[in-house]
């Protein structure tokens, strides 16, 4: 599919934002990917997603034909908390990768979803069908997947507009003296290691709120809520303030004896894309998380 769009506004909006409003059947993430891959040109030139469009610009959009997917359905048990004809909410175990990538072409949540569902939305791409948001491999807890593009578009907008409730529980290193806190620091790709994220000038706005649930002599047990959904956001923000998540192999302490990340997506809530009714779920802490908490309580609760 090929589209030519002549800009007739003087608002100087970002290219990706302008096209997301113009092409309602595509998500902003999809549009960014097309821009990065050179399928969207402005006046015949490759530009960045942040390019400010101007009156008179000619935007050429090419949507490539769908590729055949090499994904295979796999009969992997899923802990389903809710399911209807539009979506399903799953309690993901720690250690499960959400979608396939290099080195993880099987055993992922997507492989399990393809077996569980007859249809999944295609907006996330051929290798991420149904996936609206992700959890890191080591993070357990609740996430939502969509069965059709209508639900996917609606929920993607809810996430973008910060209309989704997401609460996490985590154990972090160090004693946090204040009961409540807010971390507002931009996150971008680390220039030292492109596989990692970091707080950095020029990164995307990111905000995390937390409250202390329990204190121990050398650790704090927190509930965290996200205002934004940046990659590795909680882990990066907690490292940034000097209280990394216990068991975190990338952003934690090098000699941490705990081998599992003590971060759990406990609560998820949103307005159903079709009915508009608010729904919310909570998943209990995994056994290993609860066991570690109980050990701390016996050893050095304060």
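The values are calculated or read from the model by the stated rules, or taken from the named source; none is laboratory data. This is a predicted model, so every value here is computed, not measured. Note that each Cβ is placed from the backbone with ideal geometry, even for glycine, and that neighbours are counted across all protein chains shown.
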Residue in region 235-274 that is farthest from the chain's Cα centre (by Cα), counting only those that are closer than 30 Å to residue 148 by Cβ and not in a strand (DSSP E or B): 274
Condition met for residue 263 (surrounded by fewer than 22 Cβ atoms within 10 Å (Cβ to Cβ), within 23 Å of residue 95 (Cβ to Cβ) and touching a residue at least 60 places away in the same chain (Cβ under 8 Å)): no
Filtered residue count, region 174-223, keeping only those that are on the phi > 0 side of the Ramachandran plot and at pLDDT below 95: 1
Evaluation of residue 17 against (1) in contact with a helix residue (DSSP H, G or I) (Cβ under 9 Å, 6 or more places away or on another chain); (2) under 29 Å from residue 132 (Cβ atoms); (3) in a loop (DSSP other than H, G, I, E, B) (one fails), failing number: (3)
Residue in region 111-123 that is within 30 Å of residue 196 (Cβ to Cβ), at pLDDT 85 or above, in contact with a helix residue (DSSP H, G or I) (Cβ under 7 Å, 6 or more places away or on another chain) and outside any helix (DSSP H, G or I) present: no
Residue in region 35-48 that is part of a helix (DSSP H, G or I), surrounded by 14 or more Cβ atoms within 10 Å (Cβ to Cβ) and either at pLDDT 90 or above or not assigned by TED's automatic domain parsing to the domain that holds residue 141 (or both) present: yes
Residue in region 186-196 that is within 14 Å of the chain's Cα centre (by Cα) and within 19 Å of residue 293 (Cα to Cα) present: no
